[in-house]
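Undergrad: Below you'll find the structure I mean.
The values are calculated or read from the model by the stated rules, or taken from the named source; none is laboratory data. All of these numbers come straight from a predicted model, not from anything done at the bench. Glycine also receives a Cβ, built like all others from the backbone with ideal geometry; neighbour counts cover every protein chain displayed.
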Amino acid sequence: MSSSARRLATLIPVSETFSPASIIGTNDAERVGDFTLMAGTGTPGGQPEAPNCTNPNGCPDNRVLLVDRAGDIVWQYGEFGVAGSGPDQLNVPVQNTWLPNRHVLITDQANERVMEVDVATKVIVWQYGTTGVSGNGPDQLNNPNCALLLENGHILICDENLPVTVQAVTCREERDRYPHAPSVSGMATP
């Protein structure tokens, strides 16, 4: 277990069974003042780093959490153990970014979308990618793995299986696509 993972493990208690009060498969984390924002995707079954996951099919988490220094969850988007695409549901959230307007940008990989969620209302105020549709056309993603807010207010979206990097503006309009070289492992190359 990496030192970062150990630090995160101390934030939220690990119990004998995974529960809504714990997190499993932390895929991304960032400090937001005194809080930590993190994406929990879950883990496949039989992983030595998750001995409490006894389900051979794995233990999904599918939430983005904001926790305080005591490890208490103060906000979350997604339902513990539920993979879905409806309101307040995620399916493999691999990356999250706190935005200056108190919204969270979530890369929801298996749903093929990047979305901006208002923390106060849990409403999706912007989305790029047609939910559940994999492709390489306008408003389509094919395994997104990160989204970054650029200084000009556009969102830069990285996708493992697209031959381009997408720059989108927050009015659901695609701005530019930047070609990049294909990779051997599926990870995007610069």
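Undergrad: Could you list, in sequence order, the residues of region 124-154 that are of a type in the set (A, V, I, L, M, F, W, C) and either touching a strand residue (DSSP E or B) at 6+ places or on another chain (Cβ under 7 Å) or modelled with pLDDT under 90 (or both)? Reasoning before the result, please.
TA: Step one: of region 124-154, the residues of a type in the set (A, V, I, L, M, F, W, C) are 124-126, 133, 141, 146-150.
Of everything in region 124-154, those that are of a type in the set (A, V, I, L, M, F, W, C) and either touching a strand residue (DSSP E or B) at 6+ places or on another chain (Cβ under 7 Å) or modelled with pLDDT under 90 (or both) turn out to be Ile124, Val125, Trp126, Leu141, Cys146, Ala147, Leu148, Leu149, Leu150.
Undergrad: Could you tell me which numbered condition Ile157 fails, if it satisfies all but one of (1) out of contact with any strand residue (DSSP E or B) (no Cβ under 6 Å at 6 or more places or on another chain); (2) not in a helix (DSSP H, G or I)?
TA: (1)
Let's see how each residue does on (1) in a loop (DSSP other than H, G, I, E, B); (2) touching a helix residue (DSSP H, G or I) at 6+ places or on another chain (Cβ under 7 Å); (3) touching a residue at least 24 places away in the same chain (Cβ under 8 Å); (4) in the same structural domain as Asn161 (by TED's automatic domain parsing):
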residue: Asn57; (1), (2), (3), (4): yes, no, no, no
residue: Leu66; (1), (2), (3), (4): no, no, yes, no
residue: Val114; (1), (2), (3), (4): no, no, yes, yes
residue: Val117; (1), (2), (3), (4): no, no, yes, yes
residue: Lys122; (1), (2), (3), (4): yes, no, yes, yes
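Undergrad: Those residues that are more than 18 Å from Pro93 (Cα to Cα) and either touching a residue at least 24 places away in the same chain (Cβ under 8 Å) or in contact with a strand residue (DSSP E or B) (Cβ under 7 Å, 6 or more places away or on another chain) (or both), I need them from region 33-44; list them, please. Step through it out loud before you land on a result.
TA: To start, the set of residues in region 33-44 that are more than 18 Å from Pro93 (Cα to Cα) comprises 33-35.
Passing the criteria: Asp34, Phe35.
Undergrad: Kindly indicate whether any position in region 94-109 is part of a loop (DSSP other than H, G, I, E, B) and under 13 Å from the mean Cα position of the chain (by Cα). Working first, answer last.
TA: As a first pass, look at region 94-109 and keep what is part of a loop (DSSP other than H, G, I, E, B): 99-102.
Those left that are additionally under 13 Å from the mean Cα position of the chain (by Cα): none.
The answer is no; no qualifying residue exists.
Undergrad: Same structure again: Which of the residues belonging to region 41-54 are surrounded by 13 or more Cβ atoms within 10 Å (Cβ to Cβ) and out of contact with any Cys (no Cβ under 9 Å at 6 or more places or on another chain)?
TA: Passing the criteria: only Thr41.
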